[in-house]
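A quick write-up on the structure given underneath.
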Amino acid sequence: MASHPKELWRSTFILNGHSAHVEEAKAHIARISGEFDMDAEVVVTKRGDDISSLAARALSERRQPIVAGGGDGTVSAVARGAPAEAAYDFEWKTASGNAAKLFWTENRR
């Protein structure tokens, strides 16, 4: 990560607002953003939000990377809204035993 020029680190995190882990995720994003001197925009979705449009807006604003946090629906919507040259999909178990998904997309334009 440190090998990327700093200007790439204007990131957008799109989090599923229905997730029980939103506050925990926001705390981690704040900590990591501080450590990497990153300009991180956090968008927590609400019912009826067009997630693909949120991702497309972030892409048009040249925000990199665009990260989706949520289930398959959130990840798929971000992937549709911000097609990527490089994408990474992670899944892990939280402390409570629930599955969490993260989708990271980058465009090198």
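Some notes on this structure:
- Matching residues, the stretch 35-71, being crowded, with 18+ Cβ neighbours inside 10 Å, in a loop (DSSP other than H, G, I, E, B) and in contact with a Gly (Cβ under 9 Å, 6 or more places away or on another chain): 45
- Failed condition for residue 17, given (1) buried (at least 17 other Cβ atoms within 10 Å of the Cβ); (2) more than 10 Å from the chain's Cα centre (by Cα); (3) closer than 17 Å to residue 76 by Cβ: (1)
- Leading residue by the ranking (nearest to residue 61 (Cα to Cα)) among those in the stretch 73-90 that are more than 13 Å from the chain's Cα centre (by Cα) and at pLDDT 80 or above: 80
- Verdict on residue 11 being buried (at least 17 other Cβ atoms within 10 Å of the Cβ), touching an Asp or Glu at 6+ places or on another chain (Cβ under 9 Å) and either at pLDDT 85 or above or not in a helix (DSSP H, G or I) (or both): yes
- Of all residues in the stretch 15-34, exactly one satisfies the criterion of being modelled with pLDDT of 85 or more, part of a loop (DSSP other than H, G, I, E, B) and out of contact with any strand residue (DSSP E or B) (no Cβ under 6 Å at 6 or more places or on another chain), namely 18.
The values are calculated or read from the model by the stated rules, or taken from the named source; none is laboratory data. Remember, predicted model here, so these are calculated numbers, not experimental data. FYI the Cβ positions are ideal-geometry reconstructions off the backbone, even for glycines, and counts take in every protein chain you see.
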